[in-house]
Each structure stands twice: as C-alpha cells, then as structure tokens.
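Some notes on the structure that comes next.
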Amino acid sequence: MKNTVYWNCIKPLLSDIYKNGTEEGGRPNFDPVFMVKIMFLQSLYGLVDEAMEICSNIRFMNFLDYPESVPDARTIWLFRESIASYYKDKETEGYIRCAQESIMVVKAGSSERHQINNI
C-alpha cells in the first residue's frame, strides 16, 4: 500500500494550510502528507484521533515511515479543521477514498481488503 498510492501528489493541495510562523519559533508542523496518511488509516480502520496518538502497531509505523513522533489527538483534529477552513476537506476526503479503493482486491467476484501487512 505504501508504494501503491502516490501520496506526495496531495502535497500541493495542502501546502498553504499552515500559517503558524514556525520559522519564527514554535512547534514544527507535521508534514501534510504524513497527516493525510494518518487520516487514511483512521478512515480505513475506524480509529479515533486518540487511537492514533498512542498507536504502537508496527505495521502502521512502517506505513508512516517510522516517525520519531506522532501527533497528539488535538493536532490531528486541528489539521482536519485547517483543511476544512481552507475548503479542501472534500478534495482530501476524495483522495483518501481513492486510496482506499486502490487497495481493494477482487477475488472470485467479491472484494476483500488487503490485510494490514500488505500496506
């Protein structure tokens, strides 16, 4: 899955959502592609923001390229709110839906989701 979907193509869409002046100090932003991947996992597995905060699933971490830190629940929520405030939520959700569809496998006329180890 990590190599099936071209994740970086979402980056230009979300490049302007951070306006906190990190270069002047403050907490660095998480990469928008990384945050969309978190939203993808949440959508795929029905996880709430708090579940991602304490995520220790090694396969999730592999999918996220073993980050040094993961965002807390509020950061995930704020990212989602930022996307909505810039009216980019529908496009982002559409991209996530397309990514989910790309991992569907057709076997004997029925669809099955890849197991998480195929991500």
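Throughout, read-outs are computed from the coordinates displayed, never taken from laboratory work. Keep in mind the model is a prediction, meaning the values are calculated, not measured. Note that each Cβ is placed from the backbone with ideal geometry, even for glycine, and that neighbours are counted across all protein chains shown.
Given points 7 Å out from each Cα along the Cα-Cβ axis, report the Tyr66 to Tyr6 separation in nanometres with one decimal.
Between Tyr66 and Tyr6, the simple spin-label model gives 2.7 nm.
Could you give each residue of the stretch 40-48 its phi-based ³J(HN,Hα) in whole Hz, using Karplus coefficients 6.51, -1.76, 1.60 with θ = phi - 60°, and x for Gly or Pro?
4, 4, 4, 5, 5, 10, x, 9, 7
Along Cα→Cβ, 7 Å out, is where each label goes; now give me the distance between the ones at Cys55 and Leu13 in nm to one decimal.
Between Cys55 and Leu13, the label points sit 1.8 nm apart.
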